[in-house]
Every structure is written in structure tokens, then in C-alpha cells.
Amino acid sequence: MNKPLMAKATAVWLVDNTTLSFKQIADFCGMHELEVQGIADGDVAVGVKGFDPVASNQLDASEIEKGQKNPLYRLKLKHNPAAEGEEKRRGPRYTPLSKRQDRPAAILWLVKFHPELADSQISKLVGTTKPTIASIRDRTHWNIQNIQPIDPVALGLCRQSELDAAVQKAAKRKAAAMTDDERRKLLSTETSLAMSDEPRLPSSIAGLENFSLSKDDEKPEPDDNLDADSFFNLPDADDDEDEDH
């Protein structure tokens with residue numbers, strides 16, 4: 001289903017003028033349910049003027065009535081050729097001038113709470129440049145002492161659904177790059193209990209379990225025919241030698 005024109009402004013209007021559930025509004029506007037809840041709480045889309053979908057011929061009033069009577073009813077968008085492809089963005093994200101000063105706070109929030117995100121993902125989410133992200137990561141930004149981390153969704157720089165998708169993609173990429181030792185740490189309880197009790201050698205000393213300092217592992221058997229004289233290798237006495245000598 002295509003999104004309505006000015007989806008966020010439409011969601012603002014539906015929150016203010018109807019009793020539709022957050023999920024119904026989110027499904028109709030192509031947003032996340034928490035984002036719609038943020039609009040209702042006044043944390044998201046602050047200052048955005050509501051856009052009437054009925055007056056713009058995008059939604060019938062009867063659809064709103066059906067949705068208000070049945071919370072499980074999904075609103076049907078009227079076909080509007082101008083709305084096709086509205087959800088597809090081409091090129092970098094445009095950030096309004098009024099919100100550009102909020103981007104460092106959003107970047108710091110993403111770097112702090114989602115370190116798995118790549119710079120390219122952060123750049124796409126908040127519409128910034130990689131040098132700016134690097135300066136905030138390294139804390140070399142000229143105003144780093146005054147920047148406080150703020151959720152980019154609360155600032156209206158991105159949608160919750162876009163953030164969730166980026167985090168899931170980063171998590172999959174990180175899982176694919178994990179080593180065997182790291183994967184072993186993520187085993188479930190049932191799997192770990194079913195494993196054998198045989199201890200595993202660290203990979204750094206693998207192959208040294210049969211190492212020995214002696215050339216022959218078998219110890220020589222003692223000789224029972226040895227006596228004290230042969231052990232000390234004493235010379236035989238000479239009978240002709242003078243005892244006084």
C-alpha cells in the first residue's frame with residue numbers, strides 16, 4: 001500500500017482529530033506505532049501542522065468511521081498517482097534548516113547506544129557527513145562538550161521503522177563476521193548443557209597436548225644386577241703394591 005502525501009502531517013491530523021488506534025494510524029501512514037505514540041505525547045513532529053487526508057481526497061470519512069468502530073480495521077488509501085513512490089527517497093536525506101543544529105545530538109545518541117551502526121547508516125538516517133560522524137566518535141567536534149545525546153526519532157530526523165531496520169541490518173552483519181569463539185558464547189542453554197564435558201584447549205596452544213621434553217616417553221627400567229662397586233666404578237686393588245704406600 002502506498003503512503004499518503006505528507007505522511008507525518010497526516011498522522012498528526014489523525015491523532016488530533018480521530019480516535020483511531022496508534023497501530024491503525026501507523027499502518028495507514030507507513031510509520032512505526034511508537035512514532036505515532038511519540039506524536040501523541042508531543043515528542044515527535046513538534047511544530048508540524050496536521051494535513052487533512054479527507055480534504056485532500058486521500059481518505060474517505062467512512063473509512064475513519066469504520067476504523068473508530070473496529071480497532072482491527074485497516075484504513076484504505078484512495079488511489080492517488082501523485083503518492084506513488086512517495087516512500088522511496090533518491091539521493092541524500094534533506095534535513096530542514098530548523099533541525100540541522102540537532103544532528104550532532106542525534107549522531108552522539110546513535111554512536112553511544114548503537115555502536116554497531118556503520119557511518120554510512122548513520123549518515124543516511126540523520127542526513128549528515130562521515131567527517132562529522134568521525135569527529136563525534138573521536139570527540140574532536142568543536143562543540144562536543146555541549147552536545148547531549150538525543151534520540152533522532154524524537155528529534156524528527158528519522159522514523160522509528162528506519163532506525164529499527166538499520167539496527168537489524170547492522171546486527172546481521174556483525175553476526176556474520178563473528179569468530180567461532182564468539183559464536184560459541186552465544187549458544188543457548190539447552191545446547192550448552194548437551195555438549196560434552198571434555199575440556200577444550202585454547203586455540204593458541206592447540207597441537208601441543210602431546211608435547212614432551214624427553215626424547216623417549218618411556219622411562220628405562222632399573223638393572224637389578226648393579227652393585228655398589230660397579231655403580232661407583234672403583235679400580236681393582238693391586239696385590240704387589242706396598243701397603244705402606
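The values are calculated or read from the model by the stated rules, or taken from the named source; none is laboratory data. The shown structure was predicted, so the numbers you read here are calculated from the model rather than taken from an experiment. Neighbour counts are summed over all protein chains in view; Cβ atoms, including those assigned to glycine, are modelled from backbone coordinates with ideal geometry. Just the protein is used for accessible areas: all its heavy atoms, side chains included, with ligands, DNA and RNA removed. Shrake-Rupley method; radii C 1.70, N 1.55, O 1.52, S 1.80 Å.
A few points about this structure:
- Being among the polar types (S, T, N, Q) and in contact (Cβ under 8 Å) with a residue 24 or more places away in the chain is a condition met by no residue of the range 30-45.
- Helices (runs of 4 or more DSSP H) fully within the range 98-203 counting 2 or more residues that are at pLDDT 90 or above, more than 30 Å from F28 (Cα to Cα) and open to solvent by less than 70 Å² (accessible area, probe 1.4 Å): 103-113, 130-137
- The one condition from (1) closer than 26 Å to D164 by Cβ; (2) modelled with pLDDT of 90 or more; (3) surrounded by 16 or more Cβ atoms within 10 Å (Cβ to Cβ) that I64 does not meet is (1).
- When G42, G50 are checked against the criterion of being loosely packed, with under 11 Cβ neighbours inside 10 Å, at pLDDT below 90 and not basic (K, R), G42 stands alone in meeting it.
- Number of the condition not met by K8 [criteria: (1) over 35 Å from the mean Cα position of the chain (by Cα); (2) surrounded by 17 or more Cβ atoms within 10 Å (Cβ to Cβ)]: (1)
- Taking the range 19-64 as the range and being in a loop (DSSP other than H, G, I, E, B), touching a Ser or Thr at 6+ places or on another chain (Cβ under 9 Å) and not polar (S, T, N, Q) as the test, the residues that pass are G30, M31, H32, G47, G50, F51, D52, P53, L59.
- Subset tally (residues that are open to solvent by 40 Å² or more (accessible area, probe 1.4 Å) and either modelled with pLDDT of 85 or more or in a helix (DSSP H, G or I) (or both)) for the range 79-97: 3
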